[in-house]
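First up is the structure itself, then whatever we jot down about it.
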Amino acid sequence: MEIKAAILAIGDEVVQGQITNRNAAWLSSELLKLNISPHLHLTCLDNKSDIIDSLNYLEQSCQLIIVTGGLGPTQDDCTRQSLAQWMKKDLELNTE
């Protein structure tokens, strides 16, 4: 069975063209080495509704979703909370 993969890049700076998404190209190359077919690259703004909508869209056609970006050091970053909500899991703080 072919495994179809999607890469979701999260970040306002990527969507707005301030930086180039080199991660998606590298990840696609690495997936091919593992015989996993990259089928979609998607980039979304760093807000909860866009992240969840993007994940819902990608899961319709791919068995593997790789998420990159969006994990900034600021208090307003919502990536972790968005992923936890989409996966219906609680976040746990690991102080180590």
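The values are calculated or read from the model by the stated rules, or taken from the named source; none is laboratory data. Note that this is a predicted model, so its numbers are computed, not measured. Glycine also receives a Cβ, built like all others from the backbone with ideal geometry; neighbour counts cover every protein chain displayed.
Pairs only if they're at least six apart or on different chains, beta carbon under 7 angstrom, first in the stretch 21-41 and within 15 Å of GLU2 (Cα to Cα), second of a type in the set (A, V, I, L, M) and at pLDDT below 95; list them, first residue then second. Hits for this filter: ILE36/ILE3; SER37/ILE3.
Counting the residues of the stretch 26-54 that are surrounded by 13 or more Cβ atoms within 10 Å (Cβ to Cβ) and over 17 Å from THR79 (Cα atoms) gives 9.
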